[in-house]
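Reading through the structure tokens given below for one structure.
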Amino acid sequence: MITAGIDCGSKNTKVVLMKEGNILSTASVLSGFDQEESAEQALNSALEKAGIKRDEVKHITATGAGMEAIKFSNDTITTITADARGTYLLFPSTRTIIDIGAEEGLVVKIDDQGKVKDFGINEKCAAGAGAFIEAMSRALEVDIETMGELSLKSTKKIPMNAQCTIFAESEVVSLIHQKTLKEDIIRAVHDAIADRNTSMVRQIGIEKDVALIGGVANNIGFVDAMNKNLGFDLLVPKDRIAPEYVSALGAALIAQEKSGG
Amino acid sequence: MSNAESEKEYWRWTESRYTNPDLSWEDGDIISAGVDVGSVSTQAVIMVDGELYCYSSMRTGSNSPDSANNAMDWALEGTSLPLDKIQYVVGTGYGRVNVPFAKRAITEIACHARGANFIYGPEIRTVLDMGGQDCKAIRCDQRGKVTAFLMNDKCAAGTGRGMEVFADLLQVHINDVGKMSLEVDEEPEPVSSTCVVFAKSEAVGLLRKGWPKEKVLAAYCSAMAHRVVTLLLRLGIEEKFAITGGIAKNVGVVKRIEDELKLKAPEPSIDPQLAGAIGAALFAKALVEKERKKA
């Protein structure tokens, strides 16, 4: 039986297609203005990759900030539940999940059965989310994909005073004027967002193992800063699925259950 | 960005300078000055016996000493007053310790309260200073002495910088934002996001829905007003109440703050962005008097 999980993020809409517990395909498109249209496109692209027809999909579960807009889904689940399910499948030893998306950060604590015990959320401030790194990459005129790699080349730790994304933009510009090396500035950017997320996790309480998911987990500079802050290595999805698809994976798993699979 | 229109810098507010035609520095006893190096703007104010003689207000550059020098040079331009005739200079604001010719640095909280007392009169008990990168609610006594304050300097929501971002986004000159936001028949729901980054995305969504610029600006001005009112209410308001800083010139925000508080803020007779530098110049005058007493 085939099911689909759709994660309607504030920036990207992701789809995971599953068949009997196996991942068939994934697809991601920009969420844009019409979220249902974007979800449709992402689903079609995933279907095409897997070589299956729409009517073979028995159940569709939506999650994420824009989930209510997906009228063609059978049901919806919260990002917290989706994160718990998706991460538990990939790393059953996980007890704490950190999910950093484009516009929000989540911490979810789960037990040894993958059940949600507690969670925390930041959706009020861009400074702890992917939008922060994106704004800094624009100010620095550095492609966001290369931010991670570049920051690992830095040999100098410099402080970042601004907390707010808007103020940090001006700070980055003045650092550029002072001829600070780009890699050192980028490292400071990653340190700043890692510090904010570390304190969010500490508030909820850290229990090992800790997994990092969400689009920002693709940034190796941010992962490195988080690992240094925590003093151990985070589990980051890599081989089976990319970190930004974990919520959609969780939704697809729940869709399997709901339809009796 | 490709076309010239989108390259226009809408946030760039008008810099200004002024000399009081009715005063001459040669006849004065105490010549004092205050320089307020803020994160966004820098003001230099020169006073003759506690009366406003000349001033300049300009954009802060990439370093504080240069910004202070430039503002002072421009304030003195055309006045025949040489810098070394100024007996005492006090620096204030974010860059206050980097004013090369200042004898002393005093916090902007003290200076704004003192400046508001000068601009609006001794009945002022609560001052809301809306600066470029921070916002302060200050309580003071009849001499303009600070008795309590609260401040937000961590987040751009409720600051001038936040308004500049919106001026750029909507391509409306910052000087016109307030007036334009009042050109709506009905007050819309305020922008719901606190964070300026998210508020920007929200505004883009509203424009796509077909909202005219005035309506989007109205929604943002009222969100900003609500945000600073929260700060004021936490501190507690005692009448009379006045607003200083750059946003005091934005009628859209001021009117909405007044409506929410059901209080009227007096019209400023002098540019309210000068309050910090005026306060600093008044402190400088008091310090000259103190030195004289000692001698």
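The numbers here are math on the coordinates, done by the rules we state, and not lab data. The structure presented is a predicted model; accordingly, all values stated were derived computationally and were not measured. All Cβ positions, glycine included, derive from the backbone under ideal geometry; neighbour counts span all protein chains shown.
Pairs exceeding 24 Å between alpha-carbon atoms, taken from A:Lys109/A:Lys228; B:Lys136/B:Lys215; B:Lys179/B:Lys264; A:Lys49/A:Lys238; B:Lys154/B:Lys179: B:Lys136/B:Lys215; B:Lys154/B:Lys179. Taking chain A as a Gaussian network of alpha-carbon nodes connected by springs under 10 Å, the highest mean-square fluctuation of the residues A:Thr180, A:Thr165, A:Thr63 belongs to A:Thr180.
Taking every DSSP bridge with both residues inside the protein assembly as shown, close to 70 percent are antiparallel.
Which longest run of chain B has no exposed loop site in it, a site being GluC sites (Glu not before Pro) in a DSSP loop with at most 14 other beta carbons within 10 Å, and the site itself not part of the run? Longest gap between qualifying sites, sites excluded: B:16-76.
For segment B:122-270, the equivalent ellipsoid derived from the alpha-carbon gyration tensor has semi-axes of 27, 15, 13 Å in decreasing order.
Output the relative contact order of segment B:122-270, whole-number percent, from Cα pairs under 8 angstrom with separation of 6+ residues. The partial results should precede the final answer.
Details: 251 pairs, mean separation 44.9, N = 149.
Here the relative contact order equals 30 percent.
What trypsin sites (Lys or Arg not before Pro) does segment A:26-75 have in DSSP loop regions with at most 15 other beta carbons within 10 Å? Each step should come with its number before you reach the end.
Working: sites: A:Lys49, A:Lys53, A:Arg54, A:Lys58, A:Lys71; in loops: A:Lys53, A:Lys71.
Within segment A:26-75, the qualifying trypsin sites (Lys or Arg not before Pro) (loop, at most 15 other Cβ atoms within 10 Å) are A:Lys53, A:Lys71.
Identify which of B:Ser32, B:Ser67, B:Ser193 has the largest mean-square fluctuation in a Gaussian network model of chain B, with springs joining Cα atoms closer than 10 Å. Of B:Ser32, B:Ser67, B:Ser193, the Gaussian network model singles out B:Ser193 as fluctuating most.
Mean residue ellipticity, 222 nm, helices only, chain A: the sum of -39500 (n - 2.57) across DSSP H runs of n ≥ 4, divided by residue count and rounded to 500, is -12500 deg cm²/dmol. Seen against the Cα atoms of chain A and their longest principal axis, helix A:246-258 is set at about 20 degrees. 3J(HN,Hα) couplings calculated from phi for segment B:28-34 with the Karplus curve 6.51 cos²θ - 1.76 cosθ + 1.60 (θ = phi - 60°) are, in sequence order, x, 9, 10, 10, 10, 9, x Hz; Gly and Pro show x.
For segment B:37-108, the relative contact order works out to 30 percent when only alpha carbon pairs closer than 8 Å and six or more residues apart are counted. Projecting the Cα atoms of A:Ile158, A:Ala192, A:Val216 onto the charge dipole of segment A:93-236, computed from C-beta unit charges around the Cα centre, puts A:Ile158 farthest toward the positive end. Per-residue Karplus couplings for segment A:25-41, computed as 6.51 cos²θ - 1.76 cosθ + 1.60 with θ equal to phi - 60°, are listed in order as 6, 9, 7, 9, 10, 5, 5, x, 8, 9, 5, 5, 4, 5, 5, 4, 4 Hz, Gly and Pro entered as x. Rounded to the nearest 5, the antiparallel percentage of DSSP beta bridges internal to chain B is 75%.
Counting every Cα pair in segment B:142-196, what percent are over 16 Å apart?
Values: 896 of 1485 pairs.
Result for the distance tail: 60 percent.
Derived value for chain A: Kirkwood hydrodynamic radius 18.6 Å. Basis is the mean of 1/r over every pair of different alpha-carbon atoms. Our helix-only sum for chain B, with -39,500 (n - 2.57) per DSSP H run of n ≥ 4 divided by its residues, gives a mean residue ellipticity at 222 nm of -12000 deg cm²/dmol.
Sort B:86-92, A:233-239 for me by packing, meaning the mean count of neighbouring Cβ atoms within 10 Å per residue, highest on top. Numbers along the way, then the final one.
Working: B:86-92: 24.7, A:233-239: 15.3.
The densest-packed peptide leads the list: B:86-92, A:233-239.
Contact order for chain A, expressed relative to its length and based on alpha carbon pairs under 8 Å spaced 6+ residues apart, stands at 25 percent. Within the straight-line cut-off of under 18 Å between alpha carbons, the aspartates and glutamates reachable from A:Lys58 are A:Asp7, A:Glu20, A:Glu40, A:Glu48, A:Asp75, A:Glu257, sequence neighbours fewer than 8 places apart in one chain being disregarded.
Just checking the output field for B:156-165: average partner chain Cβ neighbours within 10 Å of each residue's Cβ?
Values: counts 10, 4, 0, 3, 0, 5, 2, 0, 1, 2.
Counting other chains' Cβ atoms within 10 Å and averaging over B:156-165 gives 3.
Computed 3J(HN,Hα) for segment A:213-224, one whole-Hz value per residue from the Karplus formula 6.51 cos²θ - 1.76 cosθ + 1.60 where θ = phi - 60°, is 10, x, x, 5, 5, 6, 8, 5, x, 5, 4, 4, glycine and proline marked x.
Farthest towards the positive end of the charge dipole of the protein assembly as shown, among the residues A:Ala127, A:Ala65, A:Asn44, is the Cα of A:Ala127, using unit charges on the Cβ of Lys, Arg, Asp and Glu. Its Kirkwood hydrodynamic radius, worked out from the mean inverse distance over all distinct Cα pairs, puts chain B at 19.5 Å.
What does the charge add up to near B:Val45, with Lys and Arg as +1, Asp and Glu as -1, over the other residues with Cβ less than 13 Å from its Cβ? Neighbourhood net charge equals 0.
In segment A:93-236 the Cα-Cα distances spread across 10 Å bins starting at 0 as 12, 45, 31, 11, 2, 0 percent of all pairs. Please give me the summed charge of the neighbours of A:Glu149: other residues whose Cβ is under 15 Å from its Cβ, Lys and Arg +1, Asp and Glu -1. Local charge sum for A:Glu149: -2. Each Lys and Arg contributes +1 and each Asp and Glu -1, all at the Cβ; summed about the Cα centre of chain A, the dipole is approximately 500 debye.
Once the Cα atoms are used to define both axes, helix A:79-90 deviates from the longest principal axis of chain A by about 80 degrees. The magnitude of the dipole of the protein assembly as shown, with charges of +1 and -1 set on the Cβ of Lys/Arg and Asp/Glu and taken from the Cα centre, is near 1320 debye. Amide H to amide H distances under 5 Å link B:Asp134 with B:Gly160, where only residues 5 or more positions off or on other chains count and H is placed in the peptide plane.
How large is the dipole of segment A:93-236 about the Cα centre if only Lys and Arg carry +1 and Asp and Glu carry -1, each at its Cβ, rounded to the nearest 20 debye? Once rounded to the nearest 20, the dipole reads 420 debye. Ranked from largest, the principal axis spans of the Cα set of the protein assembly as shown equal 94, 56, 46 Å.
Shown here for segment A:183-261: chymotrypsin sites (Phe, Trp or Tyr not before Pro) in loop regions (DSSP other than H, G, I, E, B) with at most 16 other Cβ atoms within 10 Å, namely A:Phe232.
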